[in-house]
Amino acid sequence: MSKANEQDMSFLDHLEELRWRIVKSVIAIVLCGVGIWFVKEWIIQNLFLSMTKVDFISFKFMCEYLGICIEEIPVRFQSNKVGSQFTYALLLSLVGGFIVAFPFVFHQLWGFVKPGLRSNEKQVVRGITWFVTLLFLMGVVFGYLVVAPLCIQFFGYFSMAEEFENIWMIGSFMSLIISSVVFTGLLFLLPIVIYILSKIGIVTPAFLRKYRKHSIVGVLILSALITPPDFISQIVVSVPIIILYEISILVSVRVQRKRRKAEMK
């Protein structure tokens, strides 16, 4: 067999492996989503609608430890499109399935990338699945307990006139919470992204330090987009992201230090 044919076979084998890993990931998400489908009523009542109640965990914490107490958010919900409740129940199941199956999904994708690494690189990234999962779940929890409640509280109380009543579409309500949770979870993966970019030489600690001020401005703008337009909410969301950015700088420094030691050998 010619060398070209061997390379073609190798390429096709890689595609086949990637295909099966994607199939396994999709199956895992669907199975977890099916499980969530059967408890969707409990999830809606205890994880979504509870965010409009005074006894929601974040509001209780704010009242007991920060002295910021709220009343029950005056909002009602409606569905005025055929099939909208089914559509968002399906969305809830799929997104929930993705969150639950995230460790397995990342493990599958990482299993495809890992064989292409050198032995010393494999040692460096040992346990990355657990770190990625931990950061993602931390972001999900932060989005659910901080970002989403702040948004719900602000928009729930906001009214241009007493005659205007907040009657939310269930789609916009659920989309707000789901997007806050998922995007914040992905945002918490910043140190991992910086680590990978540092490993391949695209990002350096000097680069990150040079553009630190620009990054802070970007974080504030991002916080303004995903949170209500009030100063406290933006600061609450911005601080963890800025801390993650500083952690990313330390991660990049460590990668560069190890690279220099390897070059000196």
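Some values worked out for this structure:
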| quantity | calculated |
| --- | --- |
| Failed item, numbered, when residue 96 is tested on (1) of a type outside the set (Ser, Thr, Tyr); (2) in contact with a helix residue (DSSP H, G or I) (Cβ under 7 Å, 6 or more places away or on another chain); (3) in a helix (DSSP H, G or I); (4) loosely packed, with under 14 Cβ neighbours inside 10 Å | (4) |
| Any chance residue 204 is more than 19 Å from the chain's Cα centre (by Cα) and among the polar types (S, T, N, Q) | yes |
| Among residues of the stretch 200-214, those that are part of a helix (DSSP H, G or I) and surrounded by fewer than 19 Cβ atoms within 10 Å (Cβ to Cβ), counted | 7 |
| Test result for residue 222, modelled with pLDDT of 80 or more and assigned to a helix (DSSP H, G or I) | no |
| Filter result (outside any helix (DSSP H, G or I) and either modelled with pLDDT of 80 or more or among the charged types (D, E, K, R) (or both)) within the stretch 225-241 | 230 |
| Residue 182 being in the same structural domain as residue 71 (by TED's automatic domain parsing) and part of a helix (DSSP H, G or I) | yes |
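The values are calculated or read from the model by the stated rules, or taken from the named source; none is laboratory data. Only a predicted model underlies this, so the values are computations on that prediction, with no experimental measurement involved. Using ideal geometry, Cβ is built from the backbone for each residue, glycine included, and neighbour counts are taken over all protein chains shown.
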